[in-house]
Amino acid sequence: MKPVIDICASSLVKSDKVHRDVYTSQAVFEQEQRRFFASTWNFVAHASQISEVGDYVTLDLAGRPLLVVRQTDGTIGVFFNRCAHKGSKLYTNEFGNVGKIMQCPYHAWTYKLDGTPLGIPLRQEYKSNSFLQCESSKGLGRVGGVSVYRDFVFVRLDPEGINFEEYFGASLQWLDNMADRSPTGKLFIHGGVLRNVIRCNWKMYLENINDTVHPVSTHESVGKSAKSTWDAINKGNEKVMPMAVEQLLPFASGYDFFNQLDAEVYPNGHSALAVRMSTHTGYAYPADYVAALEKRLGKERTSDVLGKAPQNSILYPSIAVKGAPLVMRVIRPISVDRMMIEAWSFRAEGAPELLVDRAMSYNQLVFSPMSIVAHDDIHLFESVQKGLSADGNPWVSLHRGYEEEKVMEDVMACKGTSEELMRNQFKAWAHFIAEDK
Ligand code: FES
Ligand SMILES: [Fe+2]
């Protein structure tokens, strides 16, 4: 293991600003990989991706290759994707089914689905030595903790640390809000994933998800195009708005709209932006769908679920979800100045095709590499990443809406334009990257 150079987070993160090194320093990135991502809870898969026994997905989390496997008893096991023999990855495909056992492609050591060892070629040659006392005889290593909430699978790499419920707290309501949009309470990943590699530090992307002051300037061309398209189609006749226009027209909103938005921040970096009103709250739902939801949830909860459609809810630091449309972005750091964003769509079981169409359309229009929105942001993320190497000012300002006397409570409501949501992320970052938590 690479020795950790101890970076003092308090010298980089102040209550109202952060040092540029949090985005640009290789040493900080390595400490993040070793400590921050090991001690926080991170999303690894959705249970619908591995519905059958033996189904698996692979991924890298903070430099560690992981293997997520559906077990024979229906539970989900998450292992380090590292053969106990010499360390080969057991599986290199992104997803698949292991069959009845897992077998390493290198020297054919085999394992049960729970990672315990099964067979080793030429077994007799291990009998008169200390193999059984060696870690290598114990099978696959497991991550420190696995928790499945409404079919969203999270792991903590460290064996000890904050428990799942305490870590996410009130932010879990936004996964409920998504799953409860299904009349059966079940979500399924729909279609493939849209991936986008961006030449910036991962924290920039997460901050931007909560930045309501950038669309007016950054996405000005999107708003104008959507508005002129709609004006040309509609000509004042109030025709039914096409889905693409409905999803893009809000980018034409001005500061007066974004100033009305609220936000909630929760301990450990999580947040929900635009809880009472967002660009998604106006979406219409067929009456029979609403009736199906009411049958399972009751009128009050149904109204709460459909009425609360935050712009984004962040379960820090790995995912950002939108209940309407049903989409999720997964943030995957690659290096100090490179990250990958994944955009996934969900199908809510028992819900009309309209909801799937909304999810697919939104991901395509707004988050995909070919979208007419994402490239605006990407251009600026990459520009900021380069700009931060300029001398003269090592600090990045997070002063917007900062009030020194404010005490962070369990759930704090604030204006949607406040940088409190970013300050809250850095507060958590500084805490979890430290050696002593
Ligand atoms: S590395 Fe897996 S069997 Fe040798
Ligand atoms: Fe943006």
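Just so it is clear, none of the values below were taken in a lab; they were calculated from the coordinates. The model shown is predicted, which means the values in this text are computed figures rather than measured ones. Counting neighbours? That spans all protein chains shown, and the Cβs are built from the backbone with ideal geometry, glycine included.
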At Asn393 and Asn259, where each label point lies 7 Å from the Cα along Cα→Cβ, what is the point-to-point distance in nanometres? 2.4
Excluding residues fewer than 8 positions from Lys86 in its own chain, the lysines with Cα under 24 Å of it are Lys2, Lys100, Lys112, Lys127, Lys138
Does the range 45-156 come out rounded, prolate or oblate by the C-alpha gyration tensor, with a ≥ b ≥ c the root eigenvalues, rounded set by a/c under 1.5 and, if not, prolate when a/b is larger than b/c and oblate if not? prolate
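Could you grab the relative contact order for the chain? Cα pairs under 8 Å, six or more apart, rounded to a whole percent. Don't skip to the end; give the middle numbers.
Values: 830 pairs, mean separation 91.0, N = 437.
Over the chain, the number comes to 21 percent.
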Can you return the lysines within cross-link range of Lys186? Criterion is Cα-Cα under 24 Å, with same-chain partners fewer than 8 residues away left out. Lys295, Lys299, Lys308, Lys322
Rounded to the nearest 500 deg cm²/dmol, what is the calculated helix-only ellipticity per residue at 222 nm for the chain, with -39500 (n - 2.57) per DSSP H run of length n ≥ 4? -7500 deg cm²/dmol
